[in-house]
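The values are calculated or read from the model by the stated rules, or taken from the named source; none is laboratory data. Computed from a prediction, not measured in an experiment: that's the story for all the values here. Heads up, the Cβs are rebuilt from the backbone with ideal geometry, glycines too, and the neighbour counts pull from every protein chain shown. Accessible surface is based on the protein model in full, side chains and every heavy atom, while ligands, DNA and RNA are left aside. Shrake-Rupley method; radii C 1.70, N 1.55, O 1.52, S 1.80 Å.
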Amino acid sequence: MSNAEDHLSNDTTIQKPKWIRVKLPTGKNYRELRGLVDKYKLNTICQSGSCPNMGECWGEGTATFMILGNICTRSCGFCGVKTGKPLDVNWDEPEKVARSIKLMKIKHAVLTSVDRDDLKDMGSILWAETVKAVRRISPGTTMETLIPDFQGITKHIDRLVEVAPEVISHNMETVKRLTRQVRIQAKYERSLEVLRYLKEAGQRRTKTGIMLGLGETKEEVFEAIEDVRNANVDVITLGQYLQPTKRHLPVQRFVSPEEFEEYGSFARSLGFRHVESSPLVRSSYHAEKHIL
């Protein structure tokens, strides 16, 4: 599941430093959006994932929506989404998501999903239908699609490129050595190839995210940043991993803001168009700026 690092930590084995403390969301835009979400029972991963940046993002008119259900076919060690046999695809979902986006007056929508390895098309057809529905119902809304790897099958990836969201993102999540442990059914090189292929297929803006604090070394982080840039990725986000429940991988360490700044400076020196690197950064943080 691509965006589940948005879950706040329940980890108690390491005391959280002061820079991890989250401010309560406030502001007129946030209150209005929260009222609409509650009134119409709308589903955003911002809320279900307890994202620390929800107030700021909603204040900017940005929200994240998850499609293809809430049960994932993969069992990543960092992710708080349920693993199991998913329900049948709901073909009314594209319309429902698009209407939610219009109702909430979302300026920039981030769409993400569980992995659907159980489906012949890996869910890519519903992905494309959702983008088309948002374009039709809320034409003023720009979009980022945070996609799974679709097992690296290019015909599924092509469906997203063809509907041309402003940004297509796919998260590396961690460094090469830890990929098997953190993303059990994923492959580091396959994710890099997905990002590389997106650009080669004509996608204008590509993006990825990496979580820190899982036991990686500084050298491995620098290597991962360089690998991503060599795949011609435009935008990179780096943030602190937070353990969703005690059943998930524990936090090995809390990375300091100074170290995040070091990684951010390195990424900027390589020529990324946008870099977000600090402890509370999540995949969709400042997403509305990444289309520029």
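Quick notes
- With q set to 0.10, 0.12, 0.13 Å⁻¹, the log10 of I(q)/I(0) for the range 155-292, from the Debye formula over equal scatterers at the Cα positions, is -0.31, -0.45, -0.53.
- Surrounding net charge for Ser169, when Lys and Arg each add one and Asp and Glu each subtract one, Cβ distance under 11 Å: -1
- Around the amide H of Thr83, modelled in the peptide plane, lie the amide H atoms of Cys72, all under 5 Å away and 5 or more residues distant in sequence or on another chain.
- Here Lys82 is the anchor, and the aspartates and glutamates within straight C-alpha reach of less than 12 Å, apart from those fewer than 8 places off in the same chain, are Asp115.
- Projected-area mean, the range 225-281, by convex hull of Cα positions, square nanometres: 4.3
- With 5 Å bins from 0: P(r) over the range 172-232, alpha-carbon pairs, percent: 4, 19, 31, 23, 15, 7, 2, 0
- Debye-sum result for the range 132-213 in log10 I(q)/I(0), which assumes one identical scatterer on each alpha carbon, at q = 0.11 Å⁻¹: -0.32
- Average accessible surface area per residue within the range 177-266, 1.4 Å rolling probe, Å²: 42
- Ordering of 161-174, 196-209 by packing [mean C-beta count within 10 Å, highest first]: 161-174, 196-209
- Protein accessible area in the range 79-181, 1.4 Å probe - carbon and sulfur %: 51
- For Gly202, net neighbour charge (Lys/Arg +1, Asp/Glu -1) across residues whose Cβ lies under 14 Å away: 0
- When nucleic acids and ligands are ignored and a 1.4 Å probe is applied, Trp91 ends up with an accessible area of around 150 Å².
- Applying 1/(1 + (r/R0)^6) with R0 = 41 Å to the Cβ-Cβ distance of Ala164 and Ser256 gives a FRET efficiency near 0.55.
- Under 20 Å from a label point set 7 Å out along the Cα-to-Cβ vector of Glu219, the amide N atoms of the range 241-262 belong to 253, 259-260, 262.
- Charge dipole (Cα centre; +1 on Lys/Arg Cβ, -1 on Asp/Glu Cβ; no other charges) of the range 155-292 amounts to roughly 520 debye.
- Straightening the chain between Leu292 and Leu270 buys 6.1 nm, computed as 0.36 nm per residue apart minus the Cα-Cα spacing.
- Ordered from highest to lowest accessible area with the whole protein assembly present and a 1.4 Å probe, Phe65, Phe254 read as Phe254, Phe65.
- The range 209-278 and the range 78-139 have Cα centres separated by 27 Å.
- Calculated FRET efficiency, Glu226 to Trp19, Cβ-Cβ distance, R0 = 30 Å: about 0.70 to the nearest 0.05.
- Stokes-Einstein diffusion coefficient of the range 81-194, Kirkwood radius over Cα pairs, 20 °C, 1.002 mPa s, in µm²/s: 143
- Ordering 119-130, 149-160 by mean Cβ neighbour count within 10 Å, with the highest value first, yields 119-130, 149-160.
- Note, ³J(HN,Hα) from phi for the range 193-207, Karplus 6.51, -1.76, 1.60, rounded to Hz, x at Gly and Pro: 5, 4, 5, 5, 5, 3, 5, 5, 7, x, 5, 5, 10, 10, 7
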